[in-house]
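Trainee: Quick one: structure below, then a few questions.
The values are calculated or read from the model by the stated rules, or taken from the named source; none is laboratory data. Since the structure is predicted, the reported quantities are computational estimates derived from the model, not experimental observations. Neighbour counts run over all protein chains shown; Cβ positions are idealised from the backbone, glycine included.
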Amino acid sequence: MSKGRVIVAMSGGVDSSVAALLLKREGYEVIGVTMRLWALEREDVPQANKRCCSVEDVEDARRVCSVIGAPHYFQNFEREFQTHVVDYFVQEYDRGRTPHPCLACNDKMKFDFLLRRAMFLDADYIATGHYARIRHTGSQFELLKGIDGDKDQSYVLFTLKQQELARLLLPIGEYPKSEIREIAAEAGLPVADKPDSQEICFIPDGDYRKFVGERTKPTPGDFIDSEGNVLGQHPGIQFFTVGQRRRLGLNGNTGKPLFVIRIIPETHQIVLGSVRDLDERQLWASRVTFVGEKPPSEPVTVDAKIRYNAGVSTATLTPRGDWAEIRFDEPQRAVTPGQAVVFYQGDVVLGGGIIEREAPMLQEISGG
């Protein structure tokens, strides 16, 4: 007897392929769906790098479904991806911020639009190849880090709510990456040795500056120090991020290494300083959401993570409506507006929000 119908988001990679295989073995009725998100037409990008929704990826997903005995469908979500991921990505850089596009993609594409499509197909669940886990504890669901700490992707899933977790399966979160490849090879999946994608999926050559520059109207401005002295000129705030040292384009020797400390979009200025100037103990986050049904109402000690590849650091989280104030026990380097800060207690994801440049105005704190 089937344990339920599940739509598996299949990218053509080994992780989502093994997710589908494991669910099939567990007795689910598996339907593979590959989402067309982005059409890459640039001729200057090598074919091997055209990894987002390429014909090869779709064919790989179809072949995997054939091997495991599951139907495969191809669904077009280009318009939604353009609006909610690509446009958002460009607009954030245009505001002098550094977005994480995977957050928007997971939140809107997989756990909104794909979930709706799954309901249309009378599916009970959706599944992805993310390295994270879900635990049902009595009356609610918890989101946890994946077993493989090096591959853990819980950071990009913090926006998940209870109703989404109730219909989401994350089968590979219980395995290390090495075992996932072994499972794929033993099952004869054609993607067992396929390399992992490393770049932003819609910018496979990794040149985000060119991508953003072609879609905005950069305004040149000044590099300044913390006292307002002009140090040089830059081609536009869109091409820089907090913590950046390379490619500043300053002429002459300033006598010491300089880093981007702050970006001021209103005046098109970029503040430079020493590496010590990058250290901060406090940040504010907007659009804060919590996974559990009862979010904290008082200050709470958490482990906070300020970027995808960073470790966690002990901090005090103080909720302020849909904002939050986070104070760290130790200074954090290069706290970057536009990135997410995610809150953990042990392996459990409490929630997260988007890092802001400044504290909110009083009227911005709803519910606080």
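Trainee: Could you grab me the full set of residues in the range 251-294 that are part of a loop (DSSP other than H, G, I, E, B), of a type outside the set (D, E, K, R) and loosely packed, with under 15 Cβ neighbours inside 10 Å?
Mentor: Passing the criteria: ASN251, GLY252, ASN253, THR254, GLY255, PRO257, THR267, SER274.
Trainee: Sort out which residues of the range 119-132 are farther than 15 Å from LEU160 by Cβ and surrounded by 19 or more Cβ atoms within 10 Å (Cβ to Cβ), and write them in order of number.
Mentor: The answer is ALA123, GLY129.
Trainee: A further question follows. Please work out which one of (1) modelled with pLDDT under 95; (2) over 24 Å from the mean Cα position of the chain (by Cα); (3) under 30 Å from PHE111 (Cα atoms) is the condition PRO295 fails and give its number.
Mentor: Every listed condition holds for PRO295 apart from (2).
Trainee: Determine which single condition TYR125 fails, assuming it passes every other condition in (1) within 18 Å of ILE172 (Cβ to Cβ); (2) without any contact (Cβ under 8 Å) to a residue 60 or more places away in the chain.
Mentor: (2)
Trainee: Could you list, in sequence order, all residues of the range 319-332 that are surrounded by fewer than 17 Cβ atoms within 10 Å (Cβ to Cβ) and either modelled with pLDDT of 95 or more or not assigned by TED's automatic domain parsing to the domain that holds ARG357 (or both)?
Mentor: ARG327, ASP329, GLU330, PRO331
Trainee: Determine whether PHE74 is more than 15 Å from the chain's Cα centre (by Cα) and at pLDDT below 95.
Mentor: yes
Trainee: Looking only at the range 198-213, count how many residues are assigned to a loop (DSSP other than H, G, I, E, B), of a type in the set (D, E, K, R) and within 19 Å of ILE237 (Cβ to Cβ).
Mentor: Number of matching residues: 1.
Trainee: Here is a further query. Within the range 200-250, track down each residue that is within 30 Å of GLU182 (Cα to Cα), without any contact (Cβ under 8 Å) to a residue 24 or more places away in the chain and not small (Gly, Ala, Ser).
Mentor: ILE203, the sole residue that qualifies.
Trainee: Among the candidates ASP107, ASP87, ASP94, which residue alone is modelled with pLDDT under 95, among the charged types (D, E, K, R), surrounded by fewer than 20 Cβ atoms within 10 Å (Cβ to Cβ) and out of contact with any strand residue (DSSP E or B) (no Cβ under 7 Å at 6 or more places or on another chain)?
Mentor: ASP107
Trainee: Okay, moving on. For the range 297-317, enumerate the residues that are touching an Asp or Glu at 6+ places or on another chain (Cβ under 7 Å) and surrounded by 15 or more Cβ atoms within 10 Å (Cβ to Cβ).
Mentor: Correct list: VAL312, SER313, ALA315.
Trainee: Would you confirm whether any residue within the range 178-189 is under 20 Å from the mean Cα position of the chain (by Cα) and outside any loop (DSSP other than H, G, I, E, B)?
Mentor: Among the residues of the range 178-189, not one is under 20 Å from the mean Cα position of the chain (by Cα) and outside any loop (DSSP other than H, G, I, E, B), which makes the answer no.
Trainee: Report whether or not PHE113 is under 27 Å from GLN162 (Cα atoms), touching a residue at least 24 places away in the same chain (Cβ under 8 Å), outside the structural domain of PHE240 (by TED's automatic domain parsing) and surrounded by fewer than 20 Cβ atoms within 10 Å (Cβ to Cβ).
Mentor: For PHE113, the condition - under 27 Å from GLN162 (Cα atoms), touching a residue at least 24 places away in the same chain (Cβ under 8 Å), outside the structural domain of PHE240 (by TED's automatic domain parsing) and surrounded by fewer than 20 Cβ atoms within 10 Å (Cβ to Cβ) - is met.
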